[in-house]
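The values are calculated or read from the model by the stated rules, or taken from the named source; none is laboratory data. This is a predicted model, so every value here is computed, not measured. Counting neighbours? That spans all protein chains shown, and the Cβs are built from the backbone with ideal geometry, glycine included.
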């Protein structure tokens, strides 16, 4: 059983902090308008850019680039070296306490930026409960899972340019809409704008040709929480025959801290038992999911939050390593900074569903919120907050919140 | 009618050259292993990196970056300024002839690299003849066009990491395969590996929110030929419900020279008449396609080439400007270096079809090659060559060839 490593940063020893010394997640702090690589420790942010500047650390300048891509490219040995150094510097009783204190900023005052440059973004559809729920709604119970679903992690390429950091407001999109009853499509704002609770895996080492699941697992630098905002009504009209496009391109929010695979190592769990055997290129040599509790809070403008769902990353049918192995199977090169969305993570019960589409069953069973209002989809002014943590006996490896408030659509061109 | 601008580079005045002074396309030359921005003039390549180094040109170092992205980011005024300067320097009678000659390299000796860093890659499905052909094969004549097709340019996000420059060999992919007769999927090499004849539009100016068609047109820096290699059998099994993924991720080849929108200006033509009116956000304020003759040659290993198709870019139903307007409609940011594939360009007759899938009608009517062999799909050792040019009375604005030879699949993991 993994135990807390105590730090001289007192708040890092609290059992409910997301950022004990065991975590050491990587983010980017705006320091006087300049992007600085940083780590979180308790309720403080430690400026690693400044530490490399002051020669406490030497990673060839990789920590002075304002994004984690160059550091990721350095590879495993350097990943481990930084983690070891930081663990030493921040441990209870370390001599570095005095010299390091000036490099701490209270988290409450920190303005956090996108932690890495997203090279390309791929989104999967790899939680069986989610695929079954959505399939049942759209195709009926007997045809819920597409025929290929149990054989491969179904995915599509998303849009990296629309990935934003937690806290960035998200404007409700306009788009072409047409319900089955409409004679012709019209231009309007999305009426079925939704969230998707996902984990994002970040590729930290490149590949050039097909990789095994074990190789794929070793390529993953870390994970973030990910909200793949989705306009269900735009999607319904556009997605045949080539898949979702503008319905998924408004924004994808990620949490500001990359929680490393190293920090999550004690929380590995197996994917669920297979109903049909996988082809050898997708077989896992070990446990490649993680036991991470997840939840989503919905806060109408100025009102109390309601936690609308609770689930766990272990509900996935395919791991990120399997997704990368499949993604590379055609010879597709993977690159440092590629972001892979797990797909919406739904659990077995209604209260474990990872999207409002599922929670409200397509709008037929609106979700009740604290204070008596309800939601079928997100409304203007709502703030959505994803939270997640791997929980040990005396500490938790948390992700920090991934939030986004929905702004009203900009009426451009004029709504039809 | 546009006329040839004569150059002191004699070969640039030949009526059959792809690169008269009217063209001035932008590429990247490997100069002693270093990537140098360059232009083509007749049968010569002019090293612009070296010219900026030697202070003949001053674009703030943008021509010394080994890729055209930074130059594109400078915007229209600088695009026009470079074009004006080069036209002056290379015109017949220009005093610069003597000083510039040392910066010329014969095209025959030039090793050309990818001309720009592909930020993201989007592929469309926007030629009506192509969509009708494919739809007829898969869904029958009456349901050939999907219901949304006449209302929006259907597209999906492709994979930028797999875009390669002309001349790069392309390895036949392995993947999951399952025909309707198979009980279960198996792992194997693609048996229906195909080409797609397309044009690629390159975004040279960014946007942050929806743009009009006119704004989109002004964002386009230039065009390349594009071959979107496609594994039809991998696609058939994987593509429901979220679209093509690994079937399109092996490689996308582009021609080495970016032909600028400025050079193509005299060849603008209108998109075809609409069968149903478009929503206002997709209406074109002017002609936004180009009259560009296109053809594909197929050369079995060591054998004579057969031209298997001839068509024209004006066959598109949607222009690149309309595609960008649609692409940004959800608020999706567009960035410098985004590449947009037009979609396979097919004309009305059999001999105008832009893919072997269509030419051989799904393998039922193999294409006859010079020498008596036939092709349903591409075979190992085949070289595919795309060519294109906008043709004026006394010159042509050509793209240079976009070639790729197919290598046998690498048997990894062992074929099932």
Completion exercise
The helices (runs of 4 or more DSSP H) lying wholly within segment B:58-110 that contain at least 2 residues that are under 16 Å from residue B:45 (Cα atoms) are B:76-90, B:97-100
Fill in the blank from the handout: In segment B:29-64, anything over 21 Å from the mean Cα position of the chain (by Cα) and closer than 16 Å to residue B:202 by Cβ is listed as B:62
Exercise for the section: Scan segment B:179-195 for residues that are more than 12 Å from chain A (Cβ to nearest Cβ) and touching a strand residue (DSSP E or B) at 6+ places or on another chain (Cβ under 6 Å) and jot them down. Expected result: B:194, B:195
Exercise for the section: Take segment A:156-182 and flag every residue that is closer than 13 Å to residue B:330 by Cα and more than 15 Å from the chain's Cα centre (by Cα). Expected result: A:161, A:170, A:171, A:172, A:173, A:174, A:175, A:176, A:177
Practice task
Grab the strands (runs of 3 or more DSSP E) fully contained in segment A:196-274, keeping just those with 3 or more residues being more than 13 Å from chain B (Cβ to nearest Cβ) and closer than 25 Å to residue A:315 by Cα.
Solution key: A:197-203, A:220-228
Practice task
Evaluate segment B:37-49: report whether one residue or more is part of a helix (DSSP H, G or I) and buried (at least 20 other Cβ atoms within 10 Å of the Cβ).
Solution key: yes
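Residues are listed down the side, and each one gets a yes or a no for (1) free of Cβ contacts under 8 Å to residues at least 24 places away in the same chain; (2) closer than 25 Å to residue A:322 by Cβ:
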{"site": "A:141", "(1), (2)": "yes, no"}
{"site": "A:148", "(1), (2)": "yes, yes"}
{"site": "A:159", "(1), (2)": "no, yes"}
{"site": "A:171", "(1), (2)": "no, no"}
{"site": "A:176", "(1), (2)": "no, no"}
{"site": "A:183", "(1), (2)": "yes, no"}
{"site": "A:194", "(1), (2)": "no, no"}
{"site": "A:197", "(1), (2)": "no, yes"}
{"site": "A:205", "(1), (2)": "no, yes"}
Practice task
Might you check whether a residue that is in contact with a helix residue (DSSP H, G or I) (Cβ under 9 Å, 6 or more places away or on another chain), surrounded by 20 or more Cβ atoms within 10 Å (Cβ to Cβ), without any contact (Cβ under 8 Å) to a residue 60 or more places away in the chain and within 14 Å of chain B (Cβ to nearest Cβ) occurs anywhere in segment A:276-291?
Solution key: no
Practice task
Please enumerate the residues belonging to segment A:291-309 that are touching a strand residue (DSSP E or B) at 6+ places or on another chain (Cβ under 6 Å) and either at pLDDT below 95 or within 26 Å of residue A:152 (Cα to Cα) (or both).
Solution key: A:291, A:292, A:293, A:294
Practice task
Take residue B:134 and decide whether it is assigned to a strand (DSSP E or B) and more than 7 Å from every other protein chain (Cβ to nearest Cβ).
Solution key: no
Practice task
Go through the residues of segment A:113-130 one by one and say whether even a single one is facing another protein chain (nearest Cβ under 10 Å), without any contact (Cβ under 8 Å) to a residue 60 or more places away in the chain and under 25 Å from residue A:203 (Cα atoms).
Solution key: no
Handout entry: Unmet criterion (only one of (1) away from chain A (no Cβ under 14 Å); (2) under 16 Å from the mean Cα position of the chain (by Cα); (3) touching a residue at least 60 places away in the same chain (Cβ under 8 Å)) for residue B:314
Key = (3)
